[in-house]
1. Report every pair of residues separated by at least 6 positions or lying on different chains whose Cβ atoms are under 8 Å apart, first residue within the stretch 71-82 and farther than 17 Å from residue 98 by Cβ, second basic (Lys, Arg).
2. Determine whether the stretch 82-94 contains at least one residue that is out of contact with any helix residue (DSSP H, G or I) (no Cβ under 6 Å at 6 or more places or on another chain) and over 17 Å from residue 68 (Cα atoms).
3. Identify, please: which residue in the stretch 15-27 is open to solvent by less than 70 Å² (accessible area, probe 1.4 Å) and modelled with pLDDT of 90 or more and is, among those, nearest to residue 161 (Cα to Cα)?
4. Scan the stretch 98-132 for residues that are among the hydrophobic types (A, V, I, L, M, F, W, C) and surrounded by 12 or more Cβ atoms within 10 Å (Cβ to Cβ) and jot them down.
Amino acid sequence: RDWSSDVCSSDLARDEALREAEKVIKLNNKFAEGYLLKSQALVQFSRDAILHEREGADDRTNRYAEAAAALTMFLKLAPDSAERQPWSDHLAALNFHLSVHSKEGRQQNGVYNSREVTTRARVLSKPEPGYTETARKNGVVGTVVLRCLFAADGTVKHVVVLSGLRSEEQTSELQSRS
């Protein structure tokens, strides 16, 4: 697959979202959704950097820290949000990934990267994802990119969604900008 056009359009959308979030926060630093948008844009950047190896570990750590700070602010400003629990879980996952950035942090948490183990995690089951009727109706398509921890007990933990699905309309709009 040729990722170059996806990266270009994704870069534009992410950069625009980050600029807009920062403008909104500057205008009204009590507007919770501005912080949420900023956090999402910063995590989206990580998806592109991971897929295309354009970002070092320290840069990713700084970006995650900034995303976590923005998400913390969102949760502080919107304590009654209907989506509080998923965003709290997302923040916990971001903070976990921040804590295992260094070798010492990984050792303290019993976490190893693929270069530090002799037996790698093996995917035993990969069920096809299901689409809701609404998603099918709206033409939602694409690939979901996740950052997670494969635990020794076989569970998947600390999931951060780096890239979700887009509708065909969103994909067309992004491609027309590039």
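1. Listed pairs, sorted by first residue: 77/30; 78/84.
2. Yes, the stretch 82-94 contains a residue that is out of contact with any helix residue (DSSP H, G or I) (no Cβ under 6 Å at 6 or more places or on another chain) and over 17 Å from residue 68 (Cα atoms).
3. Going through the stretch 15-27, the residues open to solvent by less than 70 Å² (accessible area, probe 1.4 Å) turn out to be 15, 17-18, 21, 24-25.
With modelled with pLDDT of 90 or more added as a condition, the list becomes 21, 24-25.
Working: 21: 19, 24: 24, 25: 23 Å.
The qualifying residue nearest to residue 161 (Cα to Cα) is 21.
4. Matches in the stretch 98-132: 98, 100, 111, 121.
The values are calculated or read from the model by the stated rules, or taken from the named source; none is laboratory data. Bear in mind that the values here come from a model prediction, so they are computed numbers and not experimental data. Cβ coordinates were reconstructed from backbone atoms using ideal geometry, including for glycine residues, and neighbour counts include every protein chain displayed. Calculation scope for accessible area: heavy atoms of the full protein, side chains included, ligands and nucleic acids excluded. Shrake-Rupley method; radii C 1.70, N 1.55, O 1.52, S 1.80 Å.
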